[in-house]
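For reference, the structure discussed in these notes is given below.
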Amino acid sequence: MRCKTCNYALWNLPARQCPECGTAFHPSEFTFIPSAVRYECPHCAQAYYGTDESGHLVPRAFDCGQCGRHIHMDEMVLRPTEGVKEESTGQLLLPWVYRENRSFLSAWLRSVGLAMIKPGPMVRSLPQHGVLGKAWSFLIFNTIMVMLGAVLPFILLIMPMIFFGAGRGGGGAAGARGA
């Protein structure tokens with residue numbers, strides 16, 4: 001979990017403001033891998049684990065089982081679960097689906113690379129709703145790129161023959177040697 005403004009690590013902070021740049025944040029603004037983040041009660045440090053598809057607590061507000069105080073997920077101190085590295089807590093964001101700050105080609109290349117390197121995590125990180133149109137556009141663009149990749153070598157071989165007349169006259173250099 002890092003500040004969206006300055007990339008500062010926001011773990012272990014009881015305050016809801018980045019100490020580096022002052023940007024306000026709430027844990028509910030982030031998406032985590034289920035059970036990869038430990039939410040601790042700000043009063044007694046009782047640990048809870050986010051189990052919904054976004055790695056958040058269910059329910060988000062409740063009475064602490066240890067101290068009895070009413071707490072909300074956004075008030076809690078967050079830490080990676082023991083044995084989980086920070087970079088393994090956040091869900092993978094698919095470049096094609098979340099391409100607001102990327103070019104069309106960059107999002108496609110990153111998505112294809114991700115599919116080749118990490119296919120399992122990529123499939124698990126697919127959003128459940130609202131991406132059908134982007135999935136179809138990815139399929140169509142991939143199909144076009146594969147077709148171009150298959151046809152382009154033939155075009156590059158045939159075009160010089162058409163424009164420069166290779167193969168015309170039947171003899172060429174072989175006919176000159178035989179004479």
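The values are calculated or read from the model by the stated rules, or taken from the named source; none is laboratory data. What you see is a predicted model; the values in this text were computed from it and never measured. Virtual Cβ from ideal backbone geometry, glycine too; neighbours counted across all protein chains shown. Heavy atoms of the whole protein, side chains included, go into the accessibility calculation; ligands, DNA and RNA do not. Shrake-Rupley method; radii C 1.70, N 1.55, O 1.52, S 1.80 Å.
Worth pointing out:
- Filter pass, Leu94 being at pLDDT 90 or above, open to solvent by less than 40 Å² (accessible area, probe 1.4 Å) and on the phi < 0 side of the Ramachandran plot: no
- Being under 19 Å from Gly120 (Cα atoms), surrounded by 13 or more Cβ atoms within 10 Å (Cβ to Cβ), in contact with a Pro (Cβ under 6 Å, 6 or more places away or on another chain) and at pLDDT below 95 is a property that holds for Thr89.
- Output for the stretch 1-28, where each listed residue is outside any loop (DSSP other than H, G, I, E, B) and either touching a residue at least 24 places away in the same chain (Cβ under 8 Å) or touching a His at 6+ places or on another chain (Cβ under 7 Å) (or both): Ala9, Pro27, Ser28
- Figure legend. Inter-residue proximity from the stretch 93-122: first residues in contact (Cβ under 8 Å) with a residue 12 or more places away in the chain, second residues among the basic types (Lys, Arg) and open to solvent by 70 Å² or more (accessible area, probe 1.4 Å), beta-carbon distance below 7 Å, spacing 6+ or different chains. Indicated pairs: Pro95/Arg102; Pro95/Arg110.
- Close pairs from the stretch 154-165: first among the basic types (Lys, Arg), partner open to solvent by 80 Å² or more (accessible area, probe 1.4 Å), Cβ under 6 Å, at least 6 apart: none
- Residue satisfying condition, being of a type outside the set (Lys, Arg), in contact with a helix residue (DSSP H, G or I) (Cβ under 7 Å, 6 or more places away or on another chain) and crowded, with 18+ Cβ neighbours inside 10 Å, within set Tyr39, Tyr48: Tyr39
- Filter result for the condition that a residue is assigned to a helix (DSSP H, G or I), of a type in the set (Gly, Ala, Ser) and at pLDDT below 80, over Gly170, Gly120: Gly120
- Test: residue in the stretch 27-45 that is at positive phi and modelled with pLDDT of 90 or more: yes
- Residue in the stretch 81-88 that is closer than 15 Å to Trp11 by Cβ, in contact with an Asp or Glu (Cβ under 9 Å, 6 or more places away or on another chain) and of a type in the set (A, V, I, L, M, F, W, C) present: no
- Answer from Phe30, Phe104 - the residue that is buried (at least 18 other Cβ atoms within 10 Å of the Cβ) and either touching a Lys or Arg at 6+ places or on another chain (Cβ under 8 Å) or under 30 Å from Trp136 (Cα atoms) (or both): Phe30
- In the stretch 48-79, the residue that is nearest to Ile33 (Cα to Cα) out of those that are out of contact with any His (no Cβ under 9 Å at 6 or more places or on another chain) and in a strand (DSSP E or B) is Tyr49.
- The stretch 30-58, subset farther than 12 Å from Gly90 by Cα and of a type in the set (Asp, Glu), residue nearest to the chain's Cα centre (by Cα): Asp52
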